[in-house]
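**Q** Let me give you the structure first, and then I'll get to my questions.
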Amino acid sequence: MRVLLKSVEVIDPRYSFHRKKRNILIKNGTISSISTQDVTSDKIIEGKGLLVSIGWFDMRASFCDPGFEQKEDIVSGSRAAHTGGFTEVALLPNTNPVIQTKNEISYIIANNSHSLVQLHPMACATVGTEGEAITEMIDLHQAGAVAFTDGEKPIWHTDVLLKSLMYLQKFDGLLINRAEDQFLTTFGTMNEGVTSTQLGMKGMPNLSEELMIERDIRLLQYAGGKIHFSNISTENSVELIRQAKKKGLSITCDVAAHQLAFDDTALVDFDTNFKVNPPLRSKKDVKALINGLKDGTIDVIVSSHSPQDEESKKVEFDLAEFGVTGLQTLYPVLNSLEDKLDLNLLIEKITISPRTILHLPIPEIKVGSPANLTVFDPEQEWVLDDHSNQSKSRNSPFYNKTLSGKAVAVFNNGKWEFNL
Amino acid sequence: MQSLSSKNLLGIKELHRKDLELIFETADSFKEVINRPIKKVPSLRDITIANVFFENSTRTRLSFELAEKRLSADVINFSSSSSSVKKGETLLDTVNNILAMKVDMVVIRHPSPGAPHFLAKHVNANIVNAGDGTHEHPTQALLDSYSIREKHGALEGIKVAIIGDILHSRVALSNIFALQKLGSQVMVCGPNTLLPKYIRELGVQVELDIRKALEWCDVANVLRIQLERQKIKYFPSIREYTLYYGINKKLLDSLNKEITIMHPGPINRGVELSSDVADSEHAIIMDQVENGVAIRMAVLYLLAGDPQA
């Protein structure tokens, strides 16, 4: 099978044809020619303004499988991923059972060799994500864990975080923490600010995130190793990480796409599809996050895809679960930021950066390389609704909204999908 | 007939000044009605109202029920001290079950902020918020403002200090919104741990010293110290609270001025208010209770009369 991407603009600064239009022929999953000439093929993908990059990588998603298959499973999650333009996804370990032995790792990666979307399991940093004792990290790494994290839960125990940083150095392993001092966020449901005051809701102060980031930076200075902060959300968090990077510490971080699209004023109607943790912050924080992306302080943009069934969301606000789906709506969010941030930069945050941080191979766009590509259309308008939604869950703040920008084709692992 | 700008009463924040004034004018006539020998009017005949209370309440529920009955509405009551979730049925299912029995209006009290807003989005009946967690208690704020208006003639320029646990108080928040819309100045006073960090940004003054707050205000609205809603320790002891934030006659006598004392009830006598203050001629606590019925009659009457309903 020969598929031709006809006259698509390549987004990849590594190549001389960056931002130029090329005809890319993919033959049985391998890039067989890149040229400006017409070539024959069995199938042509073309369209005004189509762009192509290496396949997108989501560094933080939950597929809820095993354990919560009513919300999502590997099949539906993978479908949501490829429809959103992702060819590889790193999964959080907060399943039931949690991902903490090689058995669970093998379950996640079982179909990787013949799936369009490759899944990269992150294993628990502590047994049962309880924060008390570290997992068998070396063995889990051997089995295929790409990083260690308690996922949704912060690693609160100072000494456990320290020991993890030290232990992981044997194989240059990555520790991922979502910073939140939970004493300061007890009973919190949204950002602490004017809006929470008006709504009478207990706020989660910026301080809760920043304190733990400061602590972890100090521990990293002491222990060595490397740490990635996932889902940072505040202005000061960006600044703390900026300064630590300047000092040469091995720190990286990511931000969730929804944090760039909304602020806490979105909660005035008590819509549970805006209830996330970390919470949507103030406009000032959103601006700082965008600046952090621009100057390289923030390395990666993630979907933080967190499916929740109706029973978990269609309830009173304080009883609702945290989280939103995000795989299909990440690109429209990036597309909406294009007046503030360069497209090359945005694409780097979902392609090269996450793979570099996780020590995973970076796909290439050259003749003879396996095709791991995403073709996307920044102009296409579409609506996330029951027809287009591929997740089992519908907890998106974008549900039934018109979005601009869509992935149109993905290639990976000898497989491809078109007209997503 | 004039009507409110909304088919529901979810909070004061969503209302306009003219809504508040309309409610007060309507309450004036109902107050006259409930002081007649025959206290009942047929205004809401054929309207069925459900009082759905997921939190303990005596006076608010009684006040609503009395208001409904004096308007000749048919009334049903549902109360459950535990939340609906613990019962295994969702709030939405509970309310839909009640509505399936052809109920027109739902008066709801619920421990979750935004629960009435959630219902308003998903069901068709008129929703009246009778207190949602730490968010709003609109009818309490209406009757409080109405009582100040009655005592002082107007609200414009009146200085009101709200004293106590502001952080957990739906009464405080609704009062702030109502008083500001009506042109009063508002101060909050209490231990700093019981004041929301961003409360100043709502345009209120903040005072940690009760004497200074009392020296400033014309009206002191003293809140009940809600130990039951505090899952986290915010102050060391009731004893210390009473010593430094309690209002007693000696303190009031030392001020060289007269202050109107209000309290939404139930009073912790000897804690936030001493008995000689609560029972004094400056306290309008019983007027608040009486006005509560008139205000709730006005709200229900105006919502039921809304042509959109």
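**Q** If I ignore ligands, DNA and RNA and count only protein heavy atoms, how much of A:E381 is accessible to a 1.4 Å probe, in Å² to the nearest 10?
**A** 130 Å²
**Q** How large is ³J(HN,Hα), in whole Hz, for each residue of the stretch B:232-246 in order, when computed from phi with the Karplus curve 6.51 cos²θ - 1.76 cosθ + 1.60 and θ = phi - 60°, using x for Gly and Pro?
**A** Here the 3J(HN,Hα) series is 10, 6, 9, 8, x, 7, 4, 4, 5, 4, 4, 5, 10, 10, x Hz.
**Q** Turning to a different aspect of this structure: Using a Debye calculation, one point per C-alpha and no hydration shell, please list log10 I(q)/I(0) for the stretch A:322-384 at q = 0.17, 0.24 Å⁻¹ in order.
**A** Log-scaled intensity ratios, in q order: -0.78, -1.19.
**Q** More than 33 angstrom separation, counting every C-alpha pair in the stretch A:57-357; what % is that?
**A** Percentage above 33 Å: 17.
**Q** Extent of the stretch A:293-347 along each principal axis, from alpha carbon coordinates, in Å, largest to smallest?
**A** 40, 21, 15
**Q** How many percent of all Cα-Cα pairs in the stretch B:168-207 sit more than 17 Å apart?
**A** 20 percent
**Q** Ok, one more. Could you pull the Rg and Dmax for the stretch A:10-79, using just the Cα atoms, both in Å?
**A** Gyration radius and largest Cα-Cα distance of the stretch A:10-79: 17.4, 51 Å.
**Q** Taking the stretch B:1-91, which chymotrypsin sites (Phe, Trp or Tyr not before Pro) meet the DSSP loop condition and have no more than 15 other C-beta atoms within 10 Å?
**A** Within the stretch B:1-91, no chymotrypsin sites (Phe, Trp or Tyr not before Pro) qualify (loop, at most 15 other Cβ atoms within 10 Å).
**Q** What average count of beta carbons from other chains do you get within 10 Å of the Cβ of residues in B:113-122?
**A** Partner Cβ neighbours, averaged per residue: 6.
**Q** If amide hydrogens are placed 1.01 Å from N in the peptide plane, which non-local residues have theirs closer than 5 Å to the one on B:I247?
**A** Correct list: B:L273, B:S274.
**Q** Taking the Cβ of A:Y331 as the center, what net charge do the other residues with Cβ under 10 Å away carry, scoring Lys and Arg +1 and Asp and Glu -1?
**A** Spelling it out: positives minus negatives among the neighbours equals 0.
**Q** In addition: Answer with one residue from B:G190, B:N175, B:I259: the one whose Cα lies farthest towards the positive end of the charge dipole of the stretch B:138-287, charges on Cβ with Lys, Arg +1 and Asp, Glu -1.
**A** Towards the positive end, the residue furthest out is B:G190.
**Q** Compute the acute angle (0 to 90°) between the alpha-carbon long axis of helix A:206-223 and the principal axis of greatest extent of the alpha-carbon atoms of chain A; round to the nearest 10°.
**A** Relative to chain A, helix A:206-223 is tipped by roughly 80 degrees.
**Q** Find how many whole Å separate the alpha carbon centroid of the stretch A:193-266 from the alpha carbon centroid of the stretch B:46-76.
**A** Answer, in whole Å: 48.
**Q** Oh, and also: Which trypsin sites (Lys or Arg not before Pro) in the stretch B:161-211 sit in a loop by DSSP (not H, G, I, E or B) and have at most 16 other Cβ atoms within 10 Å of their own Cβ?
**A** B:K197
**Q** From the residues A:V89, A:Q37, A:G188, which one has its Cα farthest along the dipole of chain A in the positive direction, the dipole being from +1 and -1 charges on Cβ of Lys/Arg and Asp/Glu about the Cα centre?
**A** Going by the charge dipole, the pick is A:Q37.
**Q** Same structure, new question: If you take the accessible area of B alone plus A alone and subtract the pair, what total do you get in square angstrom, rounded to 100, with a 1.4 Å probe?
**A** What B and A bury together is about 1900 Å².
**Q** Let me ask something additional. Ordered by residue, what ³J(HN,Hα) values in Hz, to whole numbers, does the stretch A:128-140 give under the Karplus form 6.51 cos²θ - 1.76 cosθ + 1.60, where θ = phi - 60° and Gly and Pro are x?
**A** Whole-Hz 3J(HN,Hα) from phi for the stretch A:128-140: x, 6, 8, x, 9, 9, 6, 7, 7, 5, 5, 5, 5.
**Q** Under the definition of Cα pairs under 8 Å and six or more residues apart, what whole-number percent is the relative contact order of chain A?
**A** 20 percent
**Q** If I build a Gaussian network model for chain A, linking alpha-carbon pairs within less than 10 angstrom, which residue out of A:D42, A:D271, A:D342 has the largest mean-square fluctuation?
**A** Greatest mean-square fluctuation among the candidates belongs to A:D42.
**Q** Related question: Rg and Dmax of chain B, using alpha carbons, in Å: what are they?
**A** 19.1, 59
**Q** Per-residue Cβ counts within 10 Å, from other chains only, averaged over A:189-201: what number is that?
**A** 6
**Q** Also, I was wondering about something else. Whole-Hz ³J(HN,Hα) for each residue in the stretch B:15-27, computed from phi via Karplus 6.51 cos²θ - 1.76 cosθ + 1.60 with θ = phi - 60°, x for glycine and proline: what do you get?
**A** Those phi angles translate into 8, 9, 4, 5, 5, 4, 5, 5, 4, 5, 5, 5, 5 Hz.
**Q** Taking every Cα atom in the stretch A:276-324, find the radius of gyration and the maximum pairwise distance Dmax, and write them in Å.
**A** When restricted to Cα atoms, the stretch A:276-324 yields Rg and Dmax of 14.2, 41 Å.
**Q** Okay, next question. Out of the total accessible area of the protein assembly as shown (probe 1.4 Å, heavy atoms of protein only), what percent is carbon and sulfur?
**A** So the carbon and sulfur contribution to the accessible surface is 49 percent.
**Q** Additional query: Just list whichever of A:K71/A:K366; A:K340/A:K415; A:K153/A:K226 have alpha carbons separated by over 29 Å in the model shown.
**A** A:K71/A:K366; A:K340/A:K415
**Q** Follow-up. With a 10 Å cut-off between alpha carbons and a GNM built on chain A, which of A:D264, A:D38, A:D65 moves the most?
**A** Per the Cα network of chain A with a 10 Å cutoff, A:D38 tops the list.
**Q** Something else now. Normalised by the residues of the stretch A:140-274, what does the relative contact order come to in percent, with Cα pairs under 8 Å and at least six apart?
**A** 22 percent
**Q** Taking chain B as a Gaussian network, where each spring joins two C-alpha atoms under 10 Å apart, which residue of B:G203, B:G114, B:G131 fluctuates the most?
**A** B:G203
**Q** Ignoring ligands, DNA and RNA, what accessible area per residue does the stretch A:216-353 give at 1.4 Å, in Å²?
**A** Accessible area per residue: 33 Å².
**Q** Going through the cross-link list A:K283/A:K406; A:K20/A:K401; B:K40/B:K102; A:K102/A:K245; B:K40/B:K151, which pairs have a Cα-Cα distance over 30 Å in this structure?
**A** Those over the limit are A:K20/A:K401; A:K102/A:K245.
**Q** Let me ask something else. Can you tell me the orientation of helix A:74-83 relative to chain A, as the angle in degrees between its alpha-carbon axis and the longest Cα principal axis, to the nearest 10?
**A** Tilt relative to chain A: about 60 degrees.
**Q** Another question about this same structure. What would the Debye formula give as log10 I(q)/I(0) at q = 0.10, 0.13, 0.17 Å⁻¹ for the alpha-carbon point model of the stretch B:138-287, no solvent?
**A** Calculated log10 I(q)/I(0) at the listed q: -0.29, -0.51, -0.92.
**Q** Normalise the Cα radius of gyration of the protein assembly as shown by 2.2 N^0.38 Å (N = residues in it) and let me know the number.
**A** Dividing the Cα radius of gyration by 2.2 N^0.38 Å gives 1.11.
**Q** To continue, here is another question. What distance in nm separates the two pseudo spin-label positions at B:K250 and A:R14, each 7 Å out from Cα along the beta-carbon direction?
**A** That separation, rounded to one decimal, is 8.0 nm.
**Q** Would you kindly calculate the mean projected area, averaged across all directions, of the convex hull enclosing the Cα atoms of the stretch A:1-151, in square nanometres?
**A** The orientation-averaged projected area of the Cα hull of the stretch A:1-151 comes to 10.8 nm².
**Q** Same structure again: With every protein chain left in place and a probe of 1.4 Å, what is the accessible surface of B:M101, to the nearest 10 Å²?
**A** Surface accessible to solvent at B:M101 totals approximately 130 Å².
The values are calculated or read from the model by the stated rules, or taken from the named source; none is laboratory data. Because the structure is predicted, anything quoted here is derived from the model rather than measured. With ideal geometry, Cβ positions are generated from the backbone for all residues, glycine too; neighbour counts draw on all protein chains shown. Heads up: the accessible areas ignore ligands, DNA and RNA and are worked out on the full protein's heavy atoms, side chains in. Shrake-Rupley method; radii C 1.70, N 1.55, O 1.52, S 1.80 Å.
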